[in-house]
Amino acid sequence: MPKRAAGVSLPFLQPETGGGAPLHRQLYERLREAILSGALAPRSRLPSTRTLARELGVSRGTVEGAFAQLDAEGFLERRVGSGSVVALPEHARLPRSITAAPARRSGPLARPGLSRRGQRLSRDVLPPEPRDVQPFTPCLPALDLFPTHLWGRAVAKQARHLRPGLMTAGEPAGFRPLREAIAAHLGTARGVRCGWRQVLVLASTQQALDLSARLLLDEGEGVWLEEPGYLGARAAFESAGARVCPVPVDTEGLRVEVGTARAPKARLAYVTPSHQYPLGVTLSLPRRLALLEWARAARAWIFEDDYDSEFRYATRPLAAIQGLDVAGRVLYAGTFNKVMFPSLRLAFLVVPDALVEPFTAARAATDGHAPLLSQAAMAHFMEAGHYAAHLRQMRLAYAERRDALLDALRREAEGWLRPGAAEAGMHVTALLAPGWRDGDVVQRTEPKRLGARRLSPLYLGRGGEQGLVLGFSGASPAGLRAAVRVLSRLMG
């Protein structure tokens, strides 16, 4: 009778056929897991490859491939005539909790080892941006009207004549021709007073907020934040350890006197003066001057987020606060992502002269610089006049889309949804009638993918208004009318 090789029984090794990983890989992973977890004790002798192949109903080559990999990684010790034994010593075994499949967990225990700032940053999760076009998505540009042929030419021109200067590392503050084009445009269109050296090219306004929070705020220092206000600003300042102080907004914008009373020694004030997010009101001139005087006296900073100020429909766009600043206390942020298209990832921050060097050094220490090819294409797009022409066309288109939304709301939602200020921007905020909850409304509309946002979470304190933030720039007039009809049917 032929002699059979002895060894431990391995019924758990039976591989799965009909798809999945290759059989030899399955066998390798199961043996490795058994050795690491201690299910196969050190010095255990395994069956021969011939015996194990017969027991599992696989080819000997499959078993040989798994054994060879384990031998190469030090899990098995193979000797001619003696078979294979587990080589991993007792002290090298891993705890079962490490080798087992990780379970989903939530809360602080799921994030061991984070710093205090890391815990704050991971807690402040912003709502995900939709990856498709939804009718009411706020601040979504008219992608259907974007001049892709002109942009394509700008990109192709830079790519065809790609020179070494665009292929090496760029300046941390940005591509000089683009910085010059931005400074020229802001001086003419927004009344911003700056030289090109004060302009930093970034990926987004959110990056500008994060950079400013890192450089200008120490743990526990106060920050004025509009109430209601932009969640991204709140997240940036809270993650930096700042003490966020909500300052109410009325029909004239931020109530500076309330901020002065609540937090007179705050280090920074975040404002959206040309088109307040989300209520859409404009900061009046007396309050702009009062804000500047407070910043000068308190030696505080003002972060002016001019996110969609180019789009004003009844009058010319209002000049920026930065142009009134004589004390060098205003940081001015703007973005191309809301004028061009979201995935462009180009924005800018204009800083006072005293902050140019530290902000440039900090940019170099974080992500280096923005992609040079897209910066060069954007510079060409602006220098050729395409950017200014695109802005003019979008003002006309967005005015038509705004009117369509307001008309549809009057026809379909009168009595339970009241639109607010709509003289500028890319969205309208509408308050719900008493008894309605914006969370319930948005939950009902989610299956229809309308893109409406809740107003109440934008309040830091309790007692915030119930309403909807409705974008109008990303959908056609007909699409907006249809979306309002759907919304009304869902709420009827």
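The values are calculated or read from the model by the stated rules, or taken from the named source; none is laboratory data. None of these values were measured; they are calculated from a predicted model. As a convention, Cβ positions derive from the backbone with ideal geometry for all residues, glycine included, and neighbour counts pool all protein chains shown.
Quick grid of which residues meet (1) closer than 27 Å to residue 458 by Cα; (2) in the same structural domain as residue 457 (by TED's automatic domain parsing); (3) touching a Ser or Thr at 6+ places or on another chain (Cβ under 6 Å); (4) acidic (Asp, Glu):
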site	(1), (2), (3), (4)
290	yes, no, no, no
293	no, no, no, yes
297	no, no, no, no
345	yes, no, no, no
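Those helices (runs of 4 or more DSSP H) of the stretch 367-446 in which at least 1 residues are more than 28 Å from the chain's Cα centre (by Cα), of a type outside the set (Phe, Trp, Tyr) and under 23 Å from residue 141 (Cα atoms), considering only elements entirely within it, cover 372-383, 386-412. Within the stretch 377-403, restricting attention to residues that are of a type in the set (Phe, Trp, Tyr) and out of contact with any Ser or Thr (no Cβ under 8 Å at 6 or more places or on another chain), which residue is farthest from residue 149 (Cα to Cα)? This residue is 387. Does residue 361 satisfy being in contact (Cβ under 8 Å) with a residue 40 or more places away in the chain, among the hydrophobic types (A, V, I, L, M, F, W, C) and surrounded by fewer than 18 Cβ atoms within 10 Å (Cβ to Cβ)? Against the criterion (in contact (Cβ under 8 Å) with a residue 40 or more places away in the chain, among the hydrophobic types (A, V, I, L, M, F, W, C) and surrounded by fewer than 18 Cβ atoms within 10 Å (Cβ to Cβ)), residue 361 qualifies. Residue pairs whose Cβ atoms lie under 7 Å apart, separated by 6 or more positions or on different chains, with the first residue in the stretch 46-61 and assigned by TED's automatic domain parsing to the domain that holds residue 78 and without any contact (Cβ under 8 Å) to a residue 60 or more places away in the chain and the second among the aromatic types (Phe, Trp, Tyr) and in a helix (DSSP H, G or I), are 49/67. Counting only residues that are buried (at least 16 other Cβ atoms within 10 Å of the Cβ), touching a residue at least 40 places away in the same chain (Cβ under 8 Å) and either touching a helix residue (DSSP H, G or I) at 6+ places or on another chain (Cβ under 7 Å) or outside the structural domain of residue 399 (by TED's automatic domain parsing) (or both), the stretch 420-446 holds 6 of them. Can you name every residue in the stretch 447-485 that is of a type in the set (A, V, I, L, M) and surrounded by 16 or more Cβ atoms within 10 Å (Cβ to Cβ)? Residues satisfying the conditions are 450, 452, 455, 458, 460, 468, 469, 470, 475, 480, 483, 484. Among the residues of the stretch 65-80, those identified as in contact (Cβ under 8 Å) with a residue 40 or more places away in the chain, assigned to a helix (DSSP H, G or I) and either farther than 13 Å from residue 32 by Cα or not aliphatic (A, V, I, L, M) (or both) are 65, 69.
If you go through the stretch 409-426 and keep only what is closer than 27 Å to residue 340 by Cα and not acidic (Asp, Glu), you end up with 419, 420, 421, 422, 424, 425, 426. When the stretch 294-320 is limited to residues that are hydrophobic (A, V, I, L, M, F, W, C) and at pLDDT below 90, the one that is nearest to residue 267 (Cα to Cα) turns out to be 319.
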